[in-house]
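One structure below.
Computed from the coordinates by the stated procedures, all read-outs in this text should not be read as laboratory data. Model, not experiment: these values are computed from the prediction. With ideal geometry, Cβ positions are generated from the backbone for all residues, glycine too; neighbour counts draw on all protein chains shown.
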Amino acid sequence: MQNPDPVTETTADIPAICHTPDVAVTRTGRRIVLLIAVLTGFLTPFDGSAVNIALPAMGAEFHMDAISLSWIATAYLLAAALFLVPFGKIADIYGRKRILLYGIAVFTLSSFVMTMVPTTNLLIAVRILQGFGGAMIFGTSVAILTSVFPPGERGKALGIYTTAVYLGLTIGPFLGGLLTEYLGWRSIFFINVPIGIVACILILWRFEGEWAECAGERFDLLGSVIYACALIAVMYGLSIVPDATGIVLIAAGIIIGIIFVLYEMRIPMQVLNMQLLTKNRVFAFSNLAALINYSATYAVTFLLSLDLQFTKGFSPEYAGLILIVQPAVMAVLSPIAGRLSDRIDPQIVASAGMACTAFGLFLLAFLTESIPL
């Protein structure tokens with residue numbers, strides 16, 4: 001059964017508070033924008049996947065257990081999740097180019113600081129700062145691409161951007177393992193610095209125009225705070241389960257999340273337009289499916305990195321070479337899946353992909369020391 005037309009559902013009954021600014025960008029300007037998007041699209045996934053392979057080396061230096069190590073990854077992701085929605089709205093109000101520039105600058109500076117951190121607490125604190133910068137990048141780069149490129153060229157531009165993302169995910173484990181083994185884990189963060197500097201220079205020197213679709217709109221600060229409190233409570237609660245405090249925090253986070261939804265539905269200028277979820281069933285369930293999928297699969301990289309190096313005794317370089325398999329397959333098959341979805345109902349293609357993922361996770365549940373590579 002075909003889903004209802006997503007375009008119709010997206011626009012129906014949703015108030016148009018913002019407007020699309022009329023910004024003319026030359027062909028050269030669009031290429032510069034695409035280059036900046038490619039650099040940022042590579043930068044953040046490379047950092048995340050490379051750091052995962054370096055976790056045992058970090059743990060050895062700072063004498064951290066598995067829970068503490070998980071916070072090196074979680075702190076970054078949590079900060080990005082906390083600020084992604086607010087910064088997306090701030091970018092709509094004050095300008096996407098400006099927020100993208102600030103995000104790259106913060107991410108680059110925090111990456112440089114990561115090369116010198118002396119303690120565990122400071123390490124996690126700087127990872128939070130990286131996530132802060134990453135949220136500004138995530139919330140603006142794709143939005144700028146869709147604003148700059150006309151419909152006839154938009155798919156190609158987004159395809160190039162997605163390739164850069166997968167390239168970062170693919171190279172991250174191997175290059176991260178190589179750098180960790182021969183130059184130390186801190187060298188991973190040096191890679192971010194020149195890329196970030198080049199991106200900032202391009203924005204300041206060659207980036208044409210600005211996009212502020214909701215200029216003059218009041219920012220929903222209270223909604224952003226409620227959203228952040230809900231997410232922090234749930235995430236921290238999950239990290240200390242089965243402790244009773246963890247269960248209480250999760251319950252509190254869910255309640256605060258419900259309060260956030262009710263509050264956002266009652267105000268005119270929302271940090272997150274809830275009608276995108278309540279009025280558009282395709283959009284809502286697509287996001288729910290993505291949430292479930294990434295929740296299930298992201299943990300695999302973290303756990304396998306520890307298993308390959310601690311249990312099987314592989315070097316960071318070799319473990320990274322093994323972990324490159326999943327993103328490499330994704331990079332190869334994504335264009336094919338994209339073309340396939342043009343011929344077959346996309347929900348069938350996506351459902352088949354989810355079934356493959358579930359089966360792979362089921363097999364990994366039986367992983368033991370005796371199972372060959």
Measure off 7 Å from each Cα along the Cα-to-Cβ vector at Ser239 and Val300, then give the distance between these two points in nanometres to one decimal. 2.5
Checking the a/c ratio against 1.5 first, then a/b against b/c, what shape does the Cα gyration tensor give for the chain? rounded
Can you work out the FRET efficiency for the pair Glu153 and Leu35, with r the C-beta to C-beta distance and R0 = 22 Å, to the nearest 0.05? 0.90
Which value in nm describes the separation of the simple spin-label points at Ala352 and Leu373, placed 7 Å from the Cα toward the beta carbon? 3.2
Magnitude of the charge dipole, the stretch 160-280, Cβ model with Lys/Arg +1 and Asp/Glu -1, debye to 20: 80
Calculate how steeply helix 27-62 sits against the longest principal axis of the alpha-carbon atoms of the chain, using the helix alpha-carbon long axis, and give the answer as 0 to 90 degrees to the nearest 10. 30
Taking the mean number of other Cβ atoms within 10 Å as a proxy for protection, how do you rank 159-171, 282-294, 124-136 from highest to lowest? 124-136, 159-171, 282-294
Full-extension gain in nm, Ile160 to Ile254, via 0.36 nm per residue minus C-alpha separation: 30.1 nm
Point-charge dipole on Cβ atoms (K/R +1, D/E -1) for the stretch 218-373, about Cα centre, debye to 20: 480
I'd like to know which of Pro316, Leu277, Met354 lies farthest towards the positive end of the charge dipole of the stretch 239-373, counting +1 on Cβ of Lys and Arg and -1 on Cβ of Asp and Glu. Leu277
The chain: most fluctuating residue of Ile93, Ile104, Ile344 per GNM, C-alpha cutoff 10 Å: Ile344
Assign unit charges at the C-beta atoms only (+1 for Lys and Arg, -1 for Asp and Glu), then state the dipole size of the chain relative to its Cα centre in Debye, rounded to the nearest 20. 660
Distance (nanometres) between label positions extended 7 Å along Cα→Cβ at Thr115 and Phe190: 0.6
Ranking Ile254, Met330, Ala365 by how far each Cα lies towards the positive end of the charge dipole of the chain (+1 on Lys and Arg Cβ, -1 on Asp and Glu Cβ), the top one is Met330
Using the Cα gyration tensor of the stretch 288-344, with a ≥ b ≥ c the square roots of its eigenvalues, what is the shape: rounded (a/c below 1.5), prolate (a/b larger than b/c) or oblate (neither)? oblate
Rank Thr245, Leu221, Ala143 by how far each Cα sits towards the positive end of the charge dipole of the chain (+1 on Lys, Arg Cβ; -1 on Asp, Glu Cβ) and give me just the farthest. Ala143
3J(HN,Hα) from dihedral phi, the stretch 134-146, Karplus parametrisation 6.51/-1.76/1.60, rounded to Hz, x for glycine, proline: x, 4, 5, 6, 4, x, 10, 4, 5, 4, 5, 4, 5
Using Cα atoms only, what is the angle between the long axis of helix 96-114 and the major principal axis of the chain, expressed in degrees (0 to 90) to the nearest 10? 10
In degrees between 0 and 90, to the nearest 10, how far off the longest principal axis of the chain does helix 151-183 point, with axes built from Cα atoms? 20
